[in-house]
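Participant: Once you've had a glance at the structure underneath, I'll fire off some questions.
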Amino acid sequence: MASRQSGPGVSETSGLGSLPEPAAYAESTGLTRSSAETPARKRSPEDPPLRNPSLYAQTDHFRERLHQQGRYVSVPIVSEAITDGQIRWNTTDGWRFALTKAGIRYIVVVSDTETASPVVVTGWTEVEDWETAIDSERWHDTDVHTIKLRADLSDNHDSQIPELIRPRIVTRAFEIGGHRVKTEAGDGSVECVDCGGRFRSKAELCRRHCRS
């Protein structure tokens, strides 16, 4: 297993900035501040999302994720996903942009039918190709293990998954469920570096508050 210093994927989490507020969208659709609630042409859920990042605002939920260690999402990445990513429809949360870099897929969820402007709702990362990601200079091994572990915990929210935790090597704590956790190879649980709690599911992480 290669050993490298943290690559660009880590530094991207500090790209905080902000996407422009809704004014540009209002102008582009013929809206004014007084008529923002009633667009000239109401967009429907079936309309593909717009490709112009400058038109998107951000939800508070997304802004919070920009500050969380181990998320690997940033404003520049979101902008690139909106401009160049694949557009996909998901029955759970609607339109998504998907952008893959060096074996890691960025997912950006957007909406523009229930708000006065298009908004970035949330974003996350997934391992699309493990070998490509591990071999890439873009990602440190810990980054790839973190992304995989977070995804496994989220995909199995209510289930204990010691068998999926044991292969992971996460030496740099990441935030999930109000805790900052890490784990070593062979451990069947993650450990909070602040309160010392050990957890085998995301439900447990969310249920027990960190008492640091």
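The values are calculated or read from the model by the stated rules, or taken from the named source; none is laboratory data. It should be emphasised that the depicted structure is a prediction, and the values quoted were computed from it without experimental measurement. Here the Cβ positions follow ideal geometry from the backbone for every residue, glycine too, while neighbour counts run over all protein chains shown. All accessible areas refer to the heavy atoms of the entire protein, side chains included, with ligands and DNA or RNA removed. Shrake-Rupley method; radii C 1.70, N 1.55, O 1.52, S 1.80 Å.
Participant: Identify all residues within the range 48-62 that are loosely packed, with under 14 Cβ neighbours inside 10 Å and over 17 Å from Tyr106 (Cβ atoms); write none if there are none.
Facilitator: Matches in the range 48-62: Pro48, Ser54, Asp60.
Participant: Give the residue, chosen from Arg138, Arg208, that is open to solvent by 30 Å² or more (accessible area, probe 1.4 Å) and in contact with a Lys or Arg (Cβ under 7 Å, 6 or more places away or on another chain).
Facilitator: Arg138
Participant: Now, a different point. Sort out which residues of the range 169-179 are of a type in the set (Val, Ile, Thr) and crowded, with 21+ Cβ neighbours inside 10 Å, and write them in order of number.
Facilitator: Residues satisfying the conditions are Val170, Ile176.
Participant: Let me ask you something else. Which condition number in (1) buried (at least 17 other Cβ atoms within 10 Å of the Cβ); (2) in contact (Cβ under 8 Å) with a residue 24 or more places away in the chain; (3) closer than 22 Å to Thr59 by Cβ is the one that Arg96 fails?
Facilitator: So the condition that Arg96 fails would be (2).
Participant: Enumerate the pairs (first residue in the range 68-84 and within 16 Å of Arg138 (Cβ to Cβ) and open to solvent by less than 30 Å² (accessible area, probe 1.4 Å); second residue anywhere and modelled with pLDDT under 90 and acidic (Asp, Glu)) with beta-carbon separation below 7 Å, excluding pairs fewer than 6 apart on the same chain, so at least 6 apart or on different chains.
Facilitator: Tyr72/Glu12; Ser74/Glu12; Ile77/Glu12
Per-residue answers, yes or no, for (1) modelled with pLDDT under 95; (2) in a helix (DSSP H, G or I); (3) buried (at least 16 other Cβ atoms within 10 Å of the Cβ); (4) in contact with a strand residue (DSSP E or B) (Cβ under 9 Å, 6 or more places away or on another chain):
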position	(1), (2), (3), (4)
Val121	yes, no, yes, yes
Thr125	no, no, yes, yes
Ile134	no, yes, yes, no
Leu149	no, yes, yes, yes
Leu153	no, yes, yes, yes
Pro167	no, no, no, no
Val181	no, no, yes, yes
Asp187	no, no, yes, yes
Asp194	no, no, no, yes
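Participant: State yes or no: is Thr91 surrounded by fewer than 22 Cβ atoms within 10 Å (Cβ to Cβ), without any contact (Cβ under 8 Å) to a residue 12 or more places away in the chain and out of contact with any His (no Cβ under 7 Å at 6 or more places or on another chain)?
Facilitator: yes
Participant: Working carefully through the options Ser117, Ser159, find the one that is crowded, with 18+ Cβ neighbours inside 10 Å, in a loop (DSSP other than H, G, I, E, B) and touching a residue at least 40 places away in the same chain (Cβ under 8 Å).
Facilitator: One residue alone meets the criteria, Ser117.
Participant: State the number of residues belonging to the range 27-63 that are under 16 Å from Val121 (Cβ atoms), at pLDDT 90 or above, assigned to a loop (DSSP other than H, G, I, E, B) and of a type outside the set (A, V, I, L, M, F, W, C).
Facilitator: The total comes to 3.
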